[in-house]
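Structure first, commentary second.
The values are calculated or read from the model by the stated rules, or taken from the named source; none is laboratory data. Small disclaimer: the values here were computed from a predicted structure and weren't measured. We place every Cβ from the backbone using ideal geometry, glycine too, and count neighbours over all the protein chains shown. Surface areas here come from the heavy atoms of the whole protein model, side chains and all, with no ligands, DNA or RNA. Shrake-Rupley method; radii C 1.70, N 1.55, O 1.52, S 1.80 Å.
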Amino acid sequence: MRSTSFPFTRRQSPALGSVQRPMADVLLHDKSGNPYTLAMLVDSGADISVLSPQVAQILGVKIRTGQRCVFRGIGGTMVAYVHHIPVRIGDLTMDLPVAIPLREVSNLLGRMGTLDLCNIHLLRDKVVTVEYD
């Protein structure tokens, strides 16, 4: 089994001050085909990964061409459009389903499409390890 690891990242939270967050670097490609690395919050509570409209623009994704879905979560109800985006984490390449809303959101690495192919370990607010075959 192969793996790649990422240190937790200290970020400011409006409610909690400085917090450690499990972030993973995900390699995408912009609309010109150039590599684009995006730090995504590893969110085991998110059914699907989420990309912001700003990232969709960089990737050249036309948001409304995806499958329209309504999602409910801690932030309330959100309409988003589901696309399949090729991504790479370490040496693992996958076709990741992502929801892209029309409003700005945090970029989340959710369970669908990810946990089918790898194990993700969060180690004591220190390291995110992604294991895969």
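Once you list every other residue whose beta carbon is under 13 Å from the beta carbon of R111, what net charge do they have if Lys and Arg are +1 and Asp and Glu are -1?
-3
Consider all pairwise Cα distances in region 1-58 and report the whole-number % of them above 12 Å.
For region 1-58, the share of Cα pairs beyond 12 Å comes to 76 percent.
If each Cα of region 22-133 is one equal point scatterer, what is log10 of I(q)/I(0) from the Debye formula at q = 0.16 Å⁻¹?
-0.70
Quick check on region 80-133: take the gyration tensor over C-alpha atoms, sort the square-rooted eigenvalues as a ≥ b ≥ c, and tell me if it's rounded (a/c under 1.5), prolate or oblate.
Oblate.
Using the Cα atoms of region 36-78, I'd like the radius of gyration and the largest Cα-Cα distance, Dmax, both in angstrom.
11.8, 30
May I ask you to give the percent of accessible area on the chain that is carbon plus sulfur, with a probe radius of 1.4 Å?
Answer for the chain: carbon and sulfur cover 50 percent of the accessible area.
Can you give the FRET efficiency for H121 and T37, using 1/(1 + (r/R0)^6), R0 = 25 Å, r = Cβ-Cβ distance, to the nearest 0.05?
0.75
Applying 1/(1 + (r/R0)^6) with R0 = 25 Å to the Cβ-Cβ distance of Q54 and M1, what FRET efficiency is obtained, to the nearest 0.05?
Efficiency for this residue pair is about 0.15.
If you place +1 on the Cβ of every Lys and Arg, -1 on the Cβ of every Asp and Glu, and leave all else neutral, what size is the dipole of the chain about its Cα centre, to the nearest 20 Debye?
420
Report the accessible area of K31, computed with a 1.4 Å probe over the heavy atoms of all protein chains in place, in Å² rounded to the nearest 10.
140
In a Gaussian network model over the chain where Cα atoms closer than 10 Å are linked, find which of G17, G66, G110 has the largest mean-square fluctuation.
Maximum fluctuation in the GNM of the chain, among the listed residues, is at G17.
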